[in-house]
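The values are calculated or read from the model by the stated rules, or taken from the named source; none is laboratory data. Every value quoted in this text rests on a predicted model; they were computed, and no experiment measured them. Cβ atoms come from the backbone with ideal geometry, glycine included; neighbour counts cover every protein chain shown. The area values use the complete protein model at the heavy-atom level, side chains included, leaving out ligands, DNA and RNA. Shrake-Rupley method; radii C 1.70, N 1.55, O 1.52, S 1.80 Å.
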Amino acid sequence: MSPDVPPSNHWPLHGGEAAPLLARFGLPADTPLRDVSANLNPLGPPEWLPEWLAERAADLGRYPDPDYTAARAAIAAHEGVTPEQVRLTNGGAEAIYLAAALHAGRPAAILEPGFAEYRRACAAHGLPVQGLPLAAPDFALDPEALVAGLGEAEVLFMGRPNNPTATLVPRPVMERLLELTAARGCTLVVDEAFIDFVDDAERLTPWLERFEHLILLRSLTKWFTLPGLRLGYLLAAPARVAAAGAFQPAWSVNQLAADLVAPLLADRDFDARTRAWLAAERPAMQAALSDLGLRVVPSRANFFLVRHPQGAAATARLLPALLRRGWLARHTQGFAGLDGGWLRLALRSDEENRALCQALAAAMAEVDRGETP
Ligand SMILES: Cc1ncc(COP(=O)(O)O)c(C=O)c1O
């Protein structure tokens, strides 16, 4: 076997990958699972989508507009920016790679624990990386201390809300961080893939005018539950957006995805229903997880980072105990500073959240009895 091919029971890099974990814990490959390892809106995709896709299947017979003019205009209107500040991408993941490509070969810093693709994108484009740790349990950011530790970094990657911590650096702290990084000539890449799950007032979009060194990355796959379709965008000063285009293959975003942007962003009913779900379920689940005795990082996103009160080893044992009960949680192996000692759980429907809490209670009891290997 090539050394590049991971063993069948490797720790998967992302949520939603059950097979390696089932193999690792000796469970049948066809074990039925409910997935709380990927952070997707349980209300989506929008109901009108299948019919919409069927009607447009014939459009696949032509190339997309390479400039994605209509999609970019829809995003620009939605965000209150100009189309020149928008680059449409094949998911937020491609936007991360474009941001790294813009700094190819230059030193980078990454706030950690953070999304695995920041490091992969930097490696792909030859950016030497320095990890800047956020400390448990609150993962708070001190801009002065952070910038003092930036060293030679010319670009800093961070998530807001951050994956996997579900924490949100407050706007005043972001403002200070932007001022400090501007003074040092360090680009700030803020991955806002989950910003839709936060109040609109938290979006940093209005600051693109003020801070030329700010790059915002967005995803439409979480909020609209379209991870298989792939849709995201990068927002920045026009010159950076144009420069990023040099690293993007022509027609990177498929025709159907590009045409979907406008109707997705126009679906105010889907938006309202999702906000109502969040307002009801997020605080309820936060309380329910705490009531179970878990340590829960206060969540500003649609997922929770949790820890067994007895610490890392007990938390790690919850993962197979949940798998055996039909729940796929997100392990935290490979997240700097977490090292498997935490679990990430997606917020789902009321019924699923309750069922997950029941499974967690049983799994915790099993761990307490020392029955879990
Ligand atoms: C923080 C963060 N950014 C970006 C992405 C990529 O999203 P997309 O599916 O739009 O590529 C993810 C996906 O998990 C993510 O967690």
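Some values worked out for this structure:
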item: Wholly enclosed strands (runs of 3 or more DSSP E) of segment 55-152 bearing at least 1 residues among the polar types (S, T, N, Q) and either more than 15 Å from the ligand (Cβ to nearest atom) or modelled with pLDDT under 95 (or both); result: 129-133
item: Breaking point among (1) among the polar types (S, T, N, Q); (2) open to solvent by 60 Å² or more (accessible area, probe 1.4 Å); (3) at pLDDT 95 or above, for Ser8; result: (3)
item: Of all residues making up segment 27-43, the number that are surrounded by 10 or more Cβ atoms within 10 Å (Cβ to Cβ) and either away from the ligand (no atom under 16 Å from the Cβ) or farther than 19 Å from His331 by Cα (or both); result: 7
item: Tally of residues being hydroxyl-bearing (Ser, Thr, Tyr), open to solvent by 10 Å² or more (accessible area, probe 1.4 Å) and in contact (Cβ under 8 Å) with a residue 24 or more places away in the chain across segment 62-120; result: 4
item: Cβ pairs under 7 Å, 6+ apart, first in segment 1-20 and among the aliphatic types (A, V, I, L, M), second away from the ligand (no atom under 16 Å from the Cβ) and modelled with pLDDT of 90 or more; result: Ala18/Leu33; Ala19/Ala29
item: Among (1) under 29 Å from Pro283 (Cα atoms); (2) open to solvent by less than 50 Å² (accessible area, probe 1.4 Å); (3) not in a helix (DSSP H, G or I) - the single one Met174 does not satisfy; result: (3)
item: Qualifying residue in segment 44-61 (condition: charged (D, E, K, R) and surrounded by 15 or more Cβ atoms within 10 Å (Cβ to Cβ)); result: no
item: Residue list for segment 123-152, restricted to those being touching an Asp or Glu at 6+ places or on another chain (Cβ under 7 Å) and free of Cβ contacts under 8 Å to residues at least 60 places away in the same chain; result: Leu132
item: Search result, residues across segment 323-341 that are in contact with a helix residue (DSSP H, G or I) (Cβ under 6 Å, 6 or more places away or on another chain) and within 28 Å of Leu111 (Cβ to Cβ); result: Ala329, His331, Gly340, Gly341
item: Out of Ala123, Ala145, Ala153, Ala136, sole residue that is more than 30 Å from Leu294 (Cβ to Cβ) and surrounded by fewer than 23 Cβ atoms within 10 Å (Cβ to Cβ); result: Ala123
item: Selection within segment 152-175 - under 15 Å from the mean Cα position of the chain (by Cα) and of a type in the set (Gly, Ala, Ser); result: Gly159, Ala166
item: Test: residue in segment 176-192 that is touching a residue at least 40 places away in the same chain (Cβ under 8 Å) and under 16 Å from the mean Cα position of the chain (by Cα); result: yes
item: Any chance Glu17 is closer than 30 Å to Arg282 by Cα, at pLDDT below 95 and acidic (Asp, Glu); result: yes
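Table: residues versus (1) buried (at least 20 other Cβ atoms within 10 Å of the Cβ); (2) within 19 Å of the chain's Cα centre (by Cα).
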residue: Arg230; (1), (2): no, yes
residue: Gln255; (1), (2): no, no
residue: Ala272; (1), (2): no, no
residue: Ala280; (1), (2): no, no
residue: Met285; (1), (2): yes, no
residue: Arg300; (1), (2): yes, yes
